[in-house]
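Laboratory data are not the source of any read-out in this text; all were calculated from the coordinates shown. This one's a predicted model, so the numbers in the text were calculated from it and none came from an experiment. Note: ideal-geometry Cβ built from the backbone for every residue, glycine included; neighbour counts use all protein chains shown.
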Amino acid sequence: MSTLGYTIKSIGQVINEFNTSFTGLKSKDIEKLQKRFGQNELSGQQTYWYDILFRQFKSPFLYLLIGASVVSFLLGETLDTLMILLFVFINASLGFFQEHRSEKTIQLLQQYIIAKSRVIRDGKEIMVNSTEIVPGDIINLQPGDIIPADIRFISIQNLAIDESVLTGEAVEISKTSAKLSEEVKNIYQAKNIGFAGTNVKSGKGSGIVVAIGKNTTVGSITSLTTGTKHTSSFEIGISKLSSFILKLVSITLIMVILINIFIKGPSNLPTLLIFAIALAISVIPEALPVVTIFSFARGAIRLAKHKVVVKRLSSIEDLGSIEVLCTDKTGTITENKLTVSNYFPKNSNVLLYGALATALISKDEHLTDSFDLALMDSLENKNVINQYKRLAELPFDPKRKRNSVLIKKNSHYELIVRGAAENVFSICAKIDMETKHAFLNFLENEGRQGKRIIAIAKKAIVSSKDHLPNMKEEEKNHEFVGLISFTDPLKKSAHHAIEKARDLGVQIKILTGDSCEVAGAVAKEIGLIDNENNVMKGDEFDSLDLDKQHKVVEEYNVFARVSPEQKHKINLLLREKYEVGFLGEGINDAPALKAASVAIVVQGASDIGRETADIVLLNKSLDVIIDGIMEGREIFGNTVKYIKTTLASNFGNFYTVAISSLFITFLPLLPLQILLINLLTDFPMIAVAMDNVDKNDLKKPKNYDIKEIALFATVMGGVSSFFDFLFFFSFFKISPQVLQTNWFIGSVITELLFLFSVRTRLSIFKASFPAPILLGLSAVALLTTLILPFTLIGKQVFQFITPSISNLSLILLITLTYFVVSEIVKMMYYSFTSKK
């Protein structure tokens, strides 16, 4: 039976079910029960470190890189081999440490099960380790305790529990031991249940343990959290790209080898295989891990300046792809701290009397009730409290829904009552219709805004220090003082941050465990909805079929009274169509955080929230989310620049060299020359990670569109192939070395020029200025290319010859023409595709 099922069972029924009593279990039965139910701890499926490490090598992209390193080693290219293996090591290491950390999430949930608990056994209260608690144990609770298991209360003394980590509500919940009339479906309705992980704010109580460990409510959240596999958008995009390249290269090379054998015979097969493998290496974008790592590191450093901790590096890029940002309300949009919002009548002492009715505490204690703290903070002159002496109190009772405090000033005694409006009205003397109408109007207006309201009444009584009155008997014929409304205020940055997110094309949705009235009022205040009633309740959402749920998650922007399971499901439904970011903080947010594309928490989040998250905001300004989205889009833009540039230019060169090899008796480029082209152009490519990005590329969410990337690479690769054939036909009749040397020079220069063209969708004259490091490394690669054929190393190692002035002039003419044509085709391509 679920914990909520015990709400409708009487204390006697629960005692009988667990074969216990008010004197607790017998010690002789504990060991048998522990064997039956296990320990009171949260445990998931154990994952070993080597399982996580092995998972890092299941990417097609890493297969490409590892294969390339083996081939480079066989060709004697030690530097290339070491560089590629370094890329593999960095990529695998980052993934390993990221996943290894996320697997520790379960350990943090265990922190919500306290080390020691007060348990009644054999009629005596003893302290035991919380892991040794079993169903049927009687637990005693005091202020400050964290409840160690799910319990059904059997006795209470003004007990108030903070359940915000589960429900999101900022107000403590008053508990009762009475049986409820009907079974409830939600945590916030379970007035006679104490949930593991929640803490006692005031009062005392005891209860029977009805669920431990994984069977508790926190345990069910654990199952959702640890059972949800988090795969980032970046990982999905790169995996698709890798598979695409692997298939395309494999099919092309097999065809080239077979055609070569058919035309020229099998005699040159060993040389042909080495040539084919070198061609394959030239196409593989082996610098992609370095480009992304540099981009991620740069973004993480920039965000760190805004006090943002990036726990999973690739989540920075995932931020840029967010299309829907789901956020909890409490602690993220609001302060999670009650404050006095309004009071009526304005010229009354209602705030003073409300503060005088706070709980009586000793000098060594502090106020803990949210209403008490808010009322004390509302007083402009707090010293006025010292003029009164509070003599006795009748604590808050969930049945009476009010508390009473006896005060004295000089020789004048007054009894103050504070509580729910209808319960305070009932003990007041008759109020004239006009005054009552004004009070009711205030109640209606403030309640419509989702505010919590308490009423204050007072009564002058005759008393003395030797004979205090019976306070319950005196609760009649009071004078109604007024009403006070409370709100959980918005964070100063919330409205501005959400507006900025919407300007960037990001939908905002609130998912909260708080009431519909409160959630609707907050959403309307920040401009998210026009009508505060346009809120979907968790129960209503659950009652819908799957098709309607799909529609609802898109149509509604506010979901209230939602459970952790419902938050999780809403995220999963949205992720079927959108990239989803989730911003939360409590235990109840953990499953939704792990289900989201990007998990974000704010300062003050629960430990489980922080550990589940990809990004932690250390300050309370939500503006940093927008900064993160901008960073993500910059990183995405630079990564796509690299992919498009390397695929288009490499594939253009790849196909030309492969096809041209069919028409000549020698290799158009030697394997070492192909690898050298790859090496020289990779350094400027890596600098793309730190390039500037055009503002137009930051306005909309981004994701990897493999079809668009493939189409772009095909179109622009066709341009590259055309000019590569110009190099081939210009020099192949002269001699093999002339063709190889000049084609090498032309290939490097055209690829460098192509990079500066492709780095922007705009004309190069309107684009953002390239980053200095990109210009610098491009200049180094260009100079090396031009100088190397004149050196001894170039001639002996790479078999170049000294190019003639006329050949260099022709190369320059072809490359400049290529650059102009590339710019024209690029502009035509983006103009055509943008109209679709």
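Could you give each residue of region 174-184 its phi-based ³J(HN,Hα) in whole Hz, using Karplus coefficients 6.51, -1.76, 1.60 with θ = phi - 60°, and x for Gly or Pro?
Going residue by residue, I get 6, 9, 9, 9, 6, 5, 7, 6, 8, 5, 9 Hz, with x marking Gly and Pro.
Highest mean first, what order results for 374-381, 26-33, 625-632 on Cβ atoms within 10 Å?
Working: 374-381: 15.9, 26-33: 12.9, 625-632: 24.4.
Highest to lowest by the protection proxy: 625-632, 374-381, 26-33.
So which aspartates and glutamates pass the test for Lys32, namely a Cα distance under 12 Å, with those fewer than 8 places away in the same chain ruled out?
By straight Cα distance, Lys32 reaches Glu132.
Any chance you could run the full-extension gain for Met433 through Val715? It's 0.36 nm times the residue separation minus the Cα-Cα distance, nm to one decimal. Could you put the intermediate results ahead of the total?
Values: separation 282, 0.36 × 282 = 101.52 nm, distance 8.08 nm.
Taking 0.36 nm per residue and subtracting the Cα distance, the gain is 93.4 nm.
Can you return the lysines within cross-link range of Lys35? Criterion is Cα-Cα under 19 Å, with same-chain partners fewer than 8 residues away left out.
Leaving aside lysines fewer than 8 places away in the same chain, those within reach of Lys35 are Lys26, Lys214.
As a quick test, which of the pairs Lys491/Lys537; Lys594/Lys641; Lys551/Lys641 have an alpha carbon distance above 27 angstrom in this structure?
Violating the 27 Å Cα-Cα cut-off are Lys594/Lys641; Lys551/Lys641.
Distance cut-off 18 Å, Cα to Cα: go down the list Lys204/Lys337; Lys201/Lys459; Lys185/Lys577; Lys644/Lys826 and report the pairs above it.
From the list (Lys204/Lys337; Lys201/Lys459; Lys185/Lys577; Lys644/Lys826), the Cα-Cα distance tops 18 Å for Lys204/Lys337; Lys201/Lys459; Lys185/Lys577.
Amide H neighbours of Ile510 under 5 Å, counting only residues 5+ apart in sequence or on other chains, H built in-plane at 1.01 Å?
Those qualifying (amide H under 5 Å, at least 5 residues apart or on another chain) are Thr327, Val558, Phe559.
Please report the spacing between the Cα centers of region 177-216 and region 748-808 in Å, no decimals.
71 Å
At 10 °C and a viscosity of 1.306 mPa s, what translational diffusion coefficient does Stokes-Einstein give for region 340-487, taking Rh as the Kirkwood radius over Cα pairs? Give it in µm²/s as a whole number. Intermediate values should be presented prior to the final figure.
Working: Rh = 15.7 Å.
Once the numbers are plugged in, D ends up at 101 µm²/s.
Each residue of region 379-389 in order: what ³J(HN,Hα) in whole Hz does its phi give by Karplus 6.51 cos²θ - 1.76 cosθ + 1.60, θ = phi - 60°, with x for Gly and Pro?
Once θ is set to phi - 60°, the couplings for region 379-389 become 6, 5, 10, 6, 5, 4, 4, 5, 6, 10, 10 Hz.
What is the gain in length, in nm to one decimal, between Glu708 and Ile461 on full extension, counting 0.36 nm per residue of separation less the C-alpha to C-alpha distance?
Details: separation 247, 0.36 × 247 = 88.92 nm, distance 8.22 nm.
Additional length available on full extension: 80.7 nm.
For region 566-582, take each phi angle, set θ = phi - 60°, evaluate the Karplus expression 6.51 cos²θ - 1.76 cosθ + 1.60, and give the result in whole Hz per residue in order, putting x for glycine and proline.
Here the 3J(HN,Hα) series is 5, 4, 4, 5, 4, 4, 5, 5, 5, 5, 5, 10, 10, 8, 10, x, 10 Hz.
Measuring from label point to label point, each 7 Å out along Cα→Cβ, what is the Arg36 to Lys795 span in nm?
For the pair Arg36/Lys795, the computed spacing is 9.3 nm.
Which of the aspartates and glutamates could a cross-linker bridge to Lys179, judged by Cα under 17 Å and excluding same-chain residues fewer than eight apart?
Glu17, Asp150, Asp397
Ranked highest first by average number of other Cβ atoms within 10 Å, how do 544-551, 199-206, 243-250 line up?
So the order, starting with the most tightly packed, is 199-206, 243-250, 544-551.
For Ser202, enumerate residues with amide H under 5 Å from its amide H, sequence gap 5+ or separate chain, H modeled in the peptide plane.
Ala160
Efficiency by 1/(1 + (r/R0)^6): what FRET value for Thr833 and Lys577, r their Cβ-Cβ distance, R0 = 25 Å, to the nearest 0.05?
Step by step, r from the Cβ atoms, then E = 0.65.
Sticking with the crude label model, points 7 Å out along Cα→Cβ, report the distance from Leu762 to Ser804 in nm, one decimal please.
Result: 4.4 nm between the two label points.
Which cross-chain or sequence-distant (5 or more) residues have an amide H under 5 Å from the amide H of Glu323, H modelled 1.01 Å from N in plane?
So Glu323 has HN proximity to Glu579, Val580, Gly581.
May I ask you to order 777-783, 435-441 by the average number of other C-beta atoms within 10 Å around their residues, highest value first? It would help to have the intermediate numbers written out before the result.
Working: 777-783: 16.4, 435-441: 13.3.
Answer by packing, highest mean first, reads 777-783, 435-441.
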